[in-house]
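The values are calculated or read from the model by the stated rules, or taken from the named source; none is laboratory data. Being a predicted model, the structure only gives us computed values, none of them experimental. Cβ atoms come from the backbone with ideal geometry, glycine included; neighbour counts cover every protein chain shown.
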Amino acid sequence: MKRPLILIIVVLLSVNHGLLGQTNTADSIKSKNTYPGGTFYKVESIRHFRNCRKPRNIVLMIGDGMGVAQVFAGMTANGGHLYIDNFDRIGFSKTQPSKGYITDSAAGGTAIATGEKTYDGAVGVDTLKKPLENILEIVRKRGFSTGVVVTTEVTDATPASFVAHVPSRYQSEEIAQAFVDSGIDLFIGAGRENFENRNDGKNLIPELAAKGYKVCSSVDEINAVKSGKTGGFLENLPYDKRGDQLAVTTGAALRLLSRNGQGFFLMVEGSKIDSGGHATDMNQEVGEMLDFDRAVGKVLEFAAKDRRTLVVVTADHETGGLSLTGGDMSTGKVTGNFAWGNHTGIMVPVFAYGPGADAFMGIYENTGIFRRFLKVLKIRN
């Protein structure tokens, strides 16, 4: 009698364990698909100025992987409002690469930076792997200061597209060398290992110092810089461990670059909205979207005071095929489902503020963003 009784107990425990496992799995899925809400940050209303012929400064902000659903998820999570609400000149960009329907960040970034479509993985080169002049190089020849601020490695695909010219986005050491050689005035992000712990044995940090860069390893060190070229190397952290790093470093970049009275071009990337889509994780997706929007707010506040700064916010592509299935503006709770954990081919929004903003309305190829920059700056290239 004991043996059958023991078998019954084992079976019952196994069934119970299975049910508990299913419950835990369901809870995990529910949690991954739901941003529960939290505290809201105040969104200021920004005045509009379009009273000059052309902008003196341009700030391009790229929410990597940010589509309309990501924007509205962020709005819901912050009680119905984002700093992006302040934009009243809105267009759409078609993101396809030179071949195929869905772009990667390298081809998407290169199209925005150079005005030419190319193959997936290409950084600043055309389909024949020949270098393409990018917008930072063009304006630098005209006396502009230039900068890049990101939340990922500075050698990652999107920032690399504005600095380097290599056949593959995975040539991180060559991209790091390009930052040293480019003449860019400021760059802030992760990826120090590609500058000093290299397969070729070189250490590029002394080269940066020799070229006049103040090499910083923390936000405090960056904020302490008063003027001059700056290379900021920070940890590659997720949104819930970065604090307001992107907004703060963006503010520091605006302060340093604006010392040049001839103008500046700054590219800021909210790099990890894309990561939330790849992970099909609403918490990460919304957290990164809100982090990016706070940096947008910092730029808009600067532009409203300056009155000669054009701000353009867009994406290189959408990631995840996000659909919003529920939400509550009063609590910030938002639920959603992702079609899959990769990029999609849908159009992405383009928001513009300041002098020249009208040029960014409409529907156009991602290469059109570059061409509109040249148009508003009255540059023939």
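Summed over the stretch 317-341, the residues that are of a type in the set (Val, Ile, Thr) and either outside any strand (DSSP E or B) or on the phi > 0 side of the Ramachandran plot (or both) give a count of 1. For the stretch 198-213, the candidate set comprises residues that are under 17 Å from ASP185 (Cβ atoms) and outside any loop (DSSP other than H, G, I, E, B); within that set, the residue that is nearest to the chain's Cα centre (by Cα) is LEU208.
Restricting attention to the stretch 249-275, the residues that are of a type outside the set (D, E, K, R) and under 15 Å from the mean Cα position of the chain (by Cα) total 9.
The helices (runs of 4 or more DSSP H) found wholly in the stretch 104-169 and carrying at least 2 residues that are under 14 Å from the mean Cα position of the chain (by Cα) and crowded, with 19+ Cβ neighbours inside 10 Å occupy 105-114, 157-161. When ARG47, ARG89 are checked against the criterion of being in contact with a helix residue (DSSP H, G or I) (Cβ under 7 Å, 6 or more places away or on another chain), closer than 15 Å to PHE351 by Cα and basic (Lys, Arg), ARG89 stands alone in meeting it. Considering only the stretch 184-197, state which residues are modelled with pLDDT of 95 or more and part of a loop (DSSP other than H, G, I, E, B). Across the stretch 184-197, the qualifying residues are ILE184, ASP185, GLY191, ARG192. Only residues that are within 17 Å of PHE92 (Cα to Cα) and in a helix (DSSP H, G or I) were counted across the stretch 342-381, and they come to 11.
Quick grid of which residues meet (1) hydroxyl-bearing (Ser, Thr, Tyr); (2) in contact with a helix residue (DSSP H, G or I) (Cβ under 9 Å, 6 or more places away or on another chain):
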{"residue": "SER258", "(1), (2)": "yes, yes"}
{"residue": "PHE265", "(1), (2)": "no, yes"}
{"residue": "PHE292", "(1), (2)": "no, yes"}
{"residue": "THR325", "(1), (2)": "yes, no"}
{"residue": "GLY332", "(1), (2)": "no, yes"}
{"residue": "ILE346", "(1), (2)": "no, yes"}
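The set of residues from the stretch 63-84 being farther than 15 Å from HIS343 by Cα and within 18 Å of the chain's Cα centre (by Cα) comprises VAL71, PHE72, ALA73, GLY74, MET75, LEU82, TYR83, ILE84. Going by the conditions given, is PHE360 of a type in the set (Phe, Trp, Tyr) and either under 19 Å from ASP85 (Cα atoms) or touching an Asp or Glu at 6+ places or on another chain (Cβ under 6 Å) (or both)? The answer is yes for PHE360. Restricting to the stretch 132-155, name every residue that is basic (Lys, Arg) and either more than 12 Å from PHE264 (Cβ to Cβ) or without any contact (Cβ under 8 Å) to a residue 24 or more places away in the chain (or both). LYS141 - this is the single residue of the stretch 132-155 that is basic (Lys, Arg) and either more than 12 Å from PHE264 (Cβ to Cβ) or without any contact (Cβ under 8 Å) to a residue 24 or more places away in the chain (or both). Residues in the stretch 91-103 that are farther than 19 Å from MET361 by Cα and buried (at least 22 other Cβ atoms within 10 Å of the Cβ): PRO97, THR103. Among strands (runs of 3 or more DSSP E) entirely within the stretch 214-306, having at least 3 residues that are of a type in the set (S, T, N, Q) and under 19 Å from ALA77 (Cα atoms) singles out no element at all. Pairing residues of the stretch 284-306 that are on the phi < 0 side of the Ramachandran plot with residues that are among the hydroxyl-bearing types (Ser, Thr, Tyr) and modelled with pLDDT under 95, at Cβ distances under 8 Å and at least 6 apart in sequence or on separate chains, gives GLN284/TYR239; GLY287/TYR239; GLU288/TYR239; LEU290/TYR239; ASP291/TYR239. Checking each residue in the stretch 306-343 for being polar (S, T, N, Q) and surrounded by fewer than 22 Cβ atoms within 10 Å (Cβ to Cβ) picks out SER323, THR325, SER330, THR331, THR335, ASN337, ASN342.
Tell me which of these THR280 doesn't satisfy, since it passes every other one: (1) surrounded by fewer than 24 Cβ atoms within 10 Å (Cβ to Cβ); (2) closer than 24 Å to ILE369 by Cβ; (3) touching a Phe, Trp or Tyr at 6+ places or on another chain (Cβ under 6 Å). Looking at each condition in turn, THR280 falls short on (2). Each residue in the stretch 51-83 was checked for being surrounded by fewer than 22 Cβ atoms within 10 Å (Cβ to Cβ) and not in a helix (DSSP H, G or I), and 8 of them qualify. Within this structure, ARG371 passes the test of being charged (D, E, K, R), out of contact with any Ser or Thr (no Cβ under 9 Å at 6 or more places or on another chain) and at pLDDT 95 or above. Taking GLU288, is it of a type outside the set (A, V, I, L, M), in contact with a Ser or Thr (Cβ under 8 Å, 6 or more places away or on another chain) and either surrounded by fewer than 24 Cβ atoms within 10 Å (Cβ to Cβ) or within 24 Å of ASP88 (Cβ to Cβ) (or both)? The answer is no for GLU288.
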